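A.B. asks: My questions all concern the structure below.
The values are calculated or read from the model by the stated rules, or taken from the named source; none is laboratory data. This is a predicted model, so every value here is computed, not measured. For neighbour counting, all protein chains shown are included, and Cβ atoms are generated from backbone atoms with ideal geometry for every residue, glycine included. Quick note on the areas: whole protein, heavy atoms, side chains included, nothing else; ligands and nucleic acids left out. Shrake-Rupley method; radii C 1.70, N 1.55, O 1.52, S 1.80 Å.
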Amino acid sequence: MLIERALNIALVGNPNTGKTTIFNGLTGLRQKIANYPGITVERKSGAAKIGHYKHLIIDLPGTYSLNSKKLDERVTYETLTGEFEHEETPDLVLIIVDSSNLDRNLYLVTQVMDLGIPTMIILNMQDVAVGKGIYINPDEMEEKLGVPVLSISAKNKRGIDEIKRAIENQQFSIPSPLKWQPIEPLKKAIELVIDKWIRPYTDLPEKAYIIEALKLISNTVSPVSIEFEGIEHNEIRRSVVSKAHSIIEQSGGNPVAIEVMNRYDFINECTSKSVARSSTDKKTLTDRIDSITTHKILGPISFVLILLLMFQSIFTWATPFMDMIDLLFINTGNWLAANLPPGLLTDLLVEGVIAGLGGVIIFLPQIIVLFFFISILEGSGYMARAAFVMDGFMSRIGLHGRSVVPLISGFACAIPGIMATRNIENWRDRIITIMVLPFMACSARLPVYALLIAAFIPPTTVIGFLDLQGLTFFGLYFFGIIMAVLSALVMNKFLIKGKQSPFLMELPDYKMPKWSAVFHNVFDRGRIFVTEAGRIIIAISIILWFLASFPKTDIPESQPLSDNANIASSFSPQINPDAYQLKHSFAGKFGSFIEPAIEPLGFDWKIGIGLITSFAAREVMVGTLNTIYSIEGEHGEVATLKQKLINDVDTDTGKPVYSIATALSLMVFFALAMQCMSTIAIVRRETNSWKWPLIMLGYMTALAYICSFITYQTVRLL
Ligand code: GDP
């Protein structure tokens with residue numbers, strides 16, 4: 001089989017097996033980096049001149065298996081099978097294997113071989129394997145796998161030359177199907193699913209048949225892809241799969257586990273023939289670190305300590321930059337306001353666009369610091385341990401060990417937390433994590449909590465150094481966690497269907513993180529946040545600005561008291577034009593309009609406006625109240641907002657507007673309501689639909705309303 005033309009050659013392998021090294025070695029500096037169309041996964045390709053031909057080398061994203069549901073890993077599978085739009089199927093696939101980690105790597109090898117593409121297997125990192133006392137006989141392995149096997153070290157130029165020579169000599173062959181020798185019933189089940197379902201009813205490429213049949217049999221198809229297949233054939237698919245299951249079950253096998261077991265049996269057979277190990281009973285560094293990090297008691301403790309360090313750093317490192325950004329935008333706004341001709345356009349620019357942009361960019365330092373840590377934890381191999389240690393608790397509430405870090409990131413800000421859920425493979429686990437994540441008390445709630453607690457909760461000592469204020473603060477955080485856990489339980493039991501994925505995750509060796517990958521990851525998340533979420537956020541900011549600024553009203557020369565009894569009394573002795581404008585704006589009218597609806601929660605129209613504007617971001621509440629109450633004190637000194645809230649009196653009843661009941665109710669509302677358009681924007685982006693963000697907005701707001709109602713009415717009675 002001699003092919004006389006330039007080839008499309010794909011590099012496939014687990015992460016960290018040396019693919020990039022080989023890619024660079026083969027292509028030199030002639031490479032092109034772009035994104036796959038429509039998604040933010042990097043696509044690297046380059047030309048390699050070998051013999052007479054200039055072959056095209058494509059470096060596919062590293063992956064442990066072809067069943068993965070992670071976006072970038074799916075690209076690998078879809079490119080190989082030719083499902084990925086605008087991509088040609090490769091003529092040759094080089095499977096790069098880490099020789100020092102054979103068992104895990106060969107799993108992917110057996111899967112890629114099922115695709116029936118001309119294949120060459122490259123056992124890389126030979127030097128590392130020898131260092132660990134692992135000696136591989138490539139000829140024996142070649143015999144067992146039935147495709148050419150080349151053993152090299154890509155760090156040496158000689159290794160790269162050997163690959164080039166092998167390509168020139170066309171040392172590759174098409175693997176025979178199901179080389180991993182599945183048991184007879186599984187083979188029959190695969191044939192059945194292909195003949196009765198895949199071939200007649202789907203337009204999947206033939207290369208994908210075996211893998212797709214196995215996905216159906218072992219139940220690893222995501223609900224999303226099933227939705228796309230069309231409802232009318234669902235019944236047929238279900239009945240074919242259940243027949244396939246009964247074939248396997250009759251022979252005493254478990255349909256979900258049998259494939260993995262068979263593949264590993266084959267791998268064991270393969271390595272027992274071709275691999276010799278010199279006995280080194282030395283405990284590796286990884287073993288020694290794991291004896292602490294996966295320990296029953298020390299494991300969770302070290303996890304908590306690492307998190308503490310991480311969050312302290314987020315606050316310490318990000319805060320100065322956040323302050324700087326805040327100042328920068330305020331100054332830019334002020335400068336523009338002073339230097340542009342006053343008018344509508346200037347207002348729009350300063351109060352709409354600049355303020356909206358500032359509201360987005362201010363979160364960037366937190367996102368950068370958080371993802372810096374997350375990338376290091378991932379890259380060093382620790383994240384898998386954290387998930388392992390926490391999985392017991394998380395699976396009891398219907399989540400996965402991998403949900404822990406995103407959820408905890410939510411304490412800083414829901415946005416990076418939601419972006420971090422990309423590490424959760426199972427679609428259902430991921431969606432539940434996203435849906436409950438905004439209950440974690442983020443830093444934007446802090447200013448609101450701080451203001452209300454300082455104004456209305458007395459600092460009565462409870463025990464020791466704990467006072468009522470501190471306790472309320474803690475209570476609000478705890479309340480958020482409890483609501484997240486309860487909501488996850490409810491969604492898990494009743495609402496979101498699909499199987500919880502079992503905890504099948506290997507613990508890779510610890511290593512130094514790759515700094516280029518860390519940098520790339522941080523940059524990528526930052527860019528997505530600013531560009532994608534930013535667009536929606538700025539649009540909503542402009543709308544909110546419009547609602548708060550129109551229609552334009554000036555304070556009438558002679559103040560007709562009858563018309564404005566309410567506002568005049570709450571704003572006397574001098575009416576602030578901004579406050580007056582806000583009261584008469586669309587937002588103000590809307591605040592008054594919804595007053596009857598929010599009255600049972602203890603809120604008046606002023607809080608109503610705050611609730612509306614704080615949809616831009618929770619902390620805007622404080623700014624809005626400031627504007628509404630911005631009147632000068634009698635002797636010219638500016639009273640603090642806290643004092644103004646305490647002193648605010650209802651003109652009809654003469655009673656204070658705010659009580660402990662109102663304050664508590666408002667805090668409960670802030671703890672639960674979905675008041676953050678940035679979160680909505682990012683959920684839309686991460687789930688790729690408006691369905692989930694709208695459900696989130698609806699159920700969180702409803703929950704907030706009910707809980708605030710209960711709080712207000714109960715506390716008032718007491
Ligand atoms: P990728 O994630 O598969 O693209 O892996 P990389 O090419 O980035 O390689 C991961 C790490 O292994 C890098 O630090 C490489 O320098 C190193 N590496 C790659 N091939 C070899 C090898 O044959 N021997 C040794 N000792 N290190 C290697």
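A.B. asks: If Lys and Arg each add +1 and Asp and Glu each add -1, what is the summed charge of the other residues whose beta carbon sits under 12 Å from the beta carbon of Thr271?
C.D. replies: Net charge around Thr271: 0.
A.B. asks: Continuing with this model, one more query. With θ taken as phi - 60° and the coefficients 6.51, -1.76 and 1.60, list the Karplus ³J(HN,Hα) couplings across segment 440-448 in order, rounded to whole Hz; mark glycine and proline as x.
C.D. replies: For segment 440-448, the Karplus-derived couplings read 5, 5, 7, 5, 6, 7, 3, x, 5 Hz, x marking Gly and Pro.
A.B. asks: While we're on this one: In nm, what is the difference between 0.36 nm times the number of residues separating Thr346 and Lys54 and their Cα-Cα distance?
C.D. replies: Extra length from Thr346 to Lys54 when fully extended: 99.4 nm.
A.B. asks: Report the local net charge at Leu344: Lys and Arg +1, Asp and Glu -1, summed over other residues whose C-beta lies under 12 Å from its C-beta.
C.D. replies: -1
A.B. asks: If you take the Cα Rg of segment 358-447 and divide it by 2.2 N^0.38 Å, with N the number of residues, what do you get?
C.D. replies: Relative to the 2.2 N^0.38 Å estimate, segment 358-447 comes out at 1.07.
A.B. asks: Another one. If you plug each phi of segment 96-102 into the Karplus form 6.51 cos²θ - 1.76 cosθ + 1.60 with θ = phi - 60°, what whole-Hz ³J(HN,Hα) values come out, in order, with x for Gly and Pro?
C.D. replies: Values per residue, Gly and Pro as x: 8, 10, 7, 4, 7, 9, 4 Hz.
A.B. asks: Determine which lysines satisfy two conditions relative to Lys296: a Cα distance under 28 Å, and not lying fewer than 8 residues away in the same chain.
C.D. replies: Here the lysines satisfying the reach criterion relative to Lys296 are Lys282, Lys283, Lys499, Lys511.
A.B. asks: Work through the residues other than Lys188 whose Cβ is under 13 Å from its Cβ and net out their charges, Lys, Arg +1 and Asp, Glu -1.
C.D. replies: -1
A.B. asks: While we're on this one: Using per-residue counts of other Cβ atoms within 10 Å, averaged over each peptide, order 470-477, 150-157, 58-65 from highest down.
C.D. replies: The peptides rank, most packed first, as 58-65, 150-157, 470-477.
A.B. asks: Distances longer than 18 Å among the Cα atoms of segment 83-132: what percent of all pairs is that?
C.D. replies: Above the 18 Å cut-off, segment 83-132 has 40 percent of its Cα pairs.
A.B. asks: Follow-up. Report the Cα centroid-to-centroid distance between segment 455-497 and segment 232-282 in angstrom, as an integer.
C.D. replies: The distance from the Cα centre of segment 455-497 to that of segment 232-282 comes to 46 Å.
A.B. asks: Of Lys188/Lys243; Lys19/Lys44; Lys215/Lys243; Lys132/Lys157; Lys19/Lys155; Lys179/Lys207, which ones are farther than 19 Å apart at the Cα?
C.D. replies: Too far apart for the 19 Å limit: Lys132/Lys157.
A.B. asks: Let me ask you something else. Gain in length, Gln713 to Glu184, computed as 0.36 nm per residue apart minus the alpha-carbon separation, to one decimal in nm?
C.D. replies: 183.7 nm
A.B. asks: Moving on to the next point. Counting only heavy atoms of protein chains, what accessible area per residue, in Å², does segment 345-399 have with a probe of 1.4 Å?
C.D. replies: 34
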